[in-house]
Each structure stands twice: as structure tokens, then as C-alpha cells.
1. How much area per residue is accessible in the stretch 54-100 when the probe is 1.4 Å and only protein heavy atoms are counted (Å²)?
2. If I model a spin label at Glu140 and Thr294 as a point 7 Å from the Cα along the Cα→Cβ vector, what separation in nanometres do I get?
3. Going Cα to Cα from Lys119, which aspartates and glutamates come in below 13 Å? Please leave out same-chain ones fewer than 8 positions away.
4. Using +1 at the Cβ of each Lys and Arg and -1 at the Cβ of each Asp and Glu in the stretch 63-117, identify which of Thr82, Ala102, Gly112 lies farthest towards the dipole's positive end.
5. Taking R0 as 56 Å, what FRET efficiency do you get between Ser107 and Ala235 from their Cβ-Cβ distance, rounded to the nearest 0.05?
6. Over the stretch 269-362, what is the mean sequence separation of C-alpha contacts under 8 Å (at least six apart), divided by residue count, expressed as relative contact order in percent?
7. Would you mind getting me the FRET efficiency between Thr45 and Thr222? Use the beta-carbon distance for r and R0 = 30 Å, nearest 0.05.
8. How large, in Å, is the stretch 36-144 by the Kirkwood hydrodynamic radius built from its alpha-carbon pairs?
Amino acid sequence: MKKRVLSVITAVLAAFVMCVTAFAADVPAAVSRAASSAVRLTVKTNLGTEKTTGIAIGKDKDAKYILTCLRSVENGEILVGTSDEQNVKASVIASDAKSNLAVLELSEPLVGVKPIKIKIKEIKEGAPVYAVGYYASDDETAVTEGTIMAKSDLSSGGIEVGVYQTSARISERNSGGMLCDRSGAAVGICYYDGNAGANKAITGEAISEMLTNNQIEYKKATILYTLLAAALIAAIVAAAVIFAVSSFNKKKKNRPRLVGTAGDFNGQEIPVTSETINIGRDAKICQVVILSDTKVSRCHCGVRYDEMKHSFIITDLSSTHGTYVNGEKLEPNVPKYIPSGTVFNVGTGNTAFMTVEGGAEQ
């Protein structure tokens, strides 16, 4: 019982380590899932057509609201689309010029586009982040990796709220897109002020303040959620590990084998398959080598397992002193079927094995 408990504890600990490693290593997958919340904005004005990015927010299953940069959508007819060619009209229902943020309401929900979770907590310098937007092509989102370089309360271009400076690439096309952390939560909104060398993002704190002031509900990413997600993954992995270990041990316990009952291999187990294993003195041709008994021939006998008949097959290979099954000497080179629980001797008789199939023989 103690061994079983110890095995379970060991498996859980191993699963936790695997979970933490997998959680850290699965960054691209988490960000890819988050990228599905990004949408393509087409803004038609008297001066022409501009394309930029927005992100789905809210608490509904399908997107009804889009968050983006105000300056990209201030004066024009707005169409919101995805890589699935969904295109619906949208209009500005809330905005904040100081933070350059705008919320769009869609004329109909974007099916299959899930609102993103927004993380309000400040991100530390050096933390890895990912800029997600449509700057690479019209039909697919692109992700660029970087880090948080610094945070400032003011920036050029008239923005009067907190912004992150990041090494992740931000351009006019992915302005309004999301800046994600490795868990896939939005920590900021990409902001392009016309300076190609300045990659900036409006902070999650500023986004939260703007949405709260305009009474717009949104999903919040919390540490508790992350821990619960990690715990769930750990539990699933632990269960899988325990099941795998249990199955392996069961399979190992039930596999056909020889158990040494006397001689050099006393107490040892030797797996037996459909491939013949030879017992003898010559290590070049025998898998089970016996050197202590001089009456054991170079290649004394062979044993294999017949899966169809669930029976062992033993053959004396013209040994000098014979092979004995339950005290009866075998005829040389004539295979003999023997059931599980049969004992056979080689050489002087001081070396003996028992065939075992399934659990331990009684």
C-alpha cells in the first residue's frame, strides 16, 4: 500500500513539473488561440480606404463589440471582417480621445469570434509579449514576438494615459490589435503614432478605465484563472500519468516470462516473446548465459511464447546433458508446448526456471 501511495505522489509531482514546463512551452499555441479574437477593420472615408486591426471584447459567446484605436475609425464607414470572410458594419458607441480608444458595436455578431480576456495588472519590464494584428496580409493575422521595454505615463502623439514601449513590431496596419502575454491575455492595445521606430501599446489599466467609464462589460484575465487553468492541466496530466504507469505495470506484470527458481537466475524475471531466447554458455548466441554450471551446453535450449495458443514452447537444442521438464527429459530438437507454471531444469539440474503468464503463480 505504501509503495502504491508513493507511486501516486511521485506521478503527481512529475505531472506538475510536466504541466509547468508544458504551460511555459505552449506559448505559441496560447497566443494563436488569442489571435482568433483579432479582426480586420476596413474604414472608408472621402480620402480613400484604410485598413487596420481591432479586437473582440465583451462577455457574449460571439463578438458584438470591438475595441480599437479611435484615430483609425474616427471619420468613416466601418466594416469588420475576419479571415472567414465575415464582414459586418460597425459604428462607434464609445470613445476616449485622451487614450485614443474606441469601442465599436457590430450590426450583427461575428460568429466564432470569441471576446479576448484583458489583463489589468501592470506588466514588468523584460516580460515577453506578442503583437497580434493584420499588418502582414488582408486575410491572416500575424504575430510578432518582443518584450516590454518600459512603461510611461505620457507619450508622443497626445496620448495621455499609460503606454508600454515594446520591441514587438507595431505598425499602422496592426495598430488597434492586441499585445498579448504568454497566457494569451491582452495586456495592451497596439498603438501606432506615425513613428516607425516607436512600438507602443496602451496599457490594460487604461483600457479597463475607459471601458468601465463607458459601462461596457468585458472579460478579465486574473491570476486565479491562470492558476486554475494550470491546476486543471496538472490534474489531467497527473491522471494520464497515473493511468499510463498503472497500465505499464499491469502489462509488465502480465507479460509472459521465465522466473528463475534455482541457480544463477534465482528470483530474476526474463521476458519471453514470440522470438526464441536461447539458454546456454555461449554469450554470442544465447540471451540467457549460464557459466556456473559446466554441464550446460554452449546453446542448451530455446524458449519462446505462442500468443495464439497462450502457451510456452521449449526445445532442447541437442544439449549434452539434456533439458528436463517437470523431471522428464526432452527429446532433442523436438518443440514441446508447456503451460504457465511449468518448471524446467538444464545441466546438472541446479539451474531451473518456471514459465509464468499473467500474475504470479500460486
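1. Per-residue accessible area for the stretch 54-100 comes out at 47 Å².
2. Result for the modelled spin labels: 7.7 nm.
3. Within the straight-line limit of under 13 Å, Lys119 reaches these aspartates and glutamates: Asp181, Glu205, Glu209.
4. Ala102
5. For R0 = 56 Å, the calculated efficiency reads 0.85.
6. 21
7. After rounding, the FRET efficiency stands at 0.15.
8. 14.4
The values are calculated or read from the model by the stated rules, or taken from the named source; none is laboratory data. Just so it is clear, the model here is predicted, and its values are computed rather than measured. Every residue, glycine among them, receives a Cβ derived from its backbone with ideal geometry; neighbour counts consider all protein chains shown. Ligands, DNA and RNA are excluded from the accessible area calculation, which covers all protein heavy atoms including side chains. Shrake-Rupley method; radii C 1.70, N 1.55, O 1.52, S 1.80 Å.
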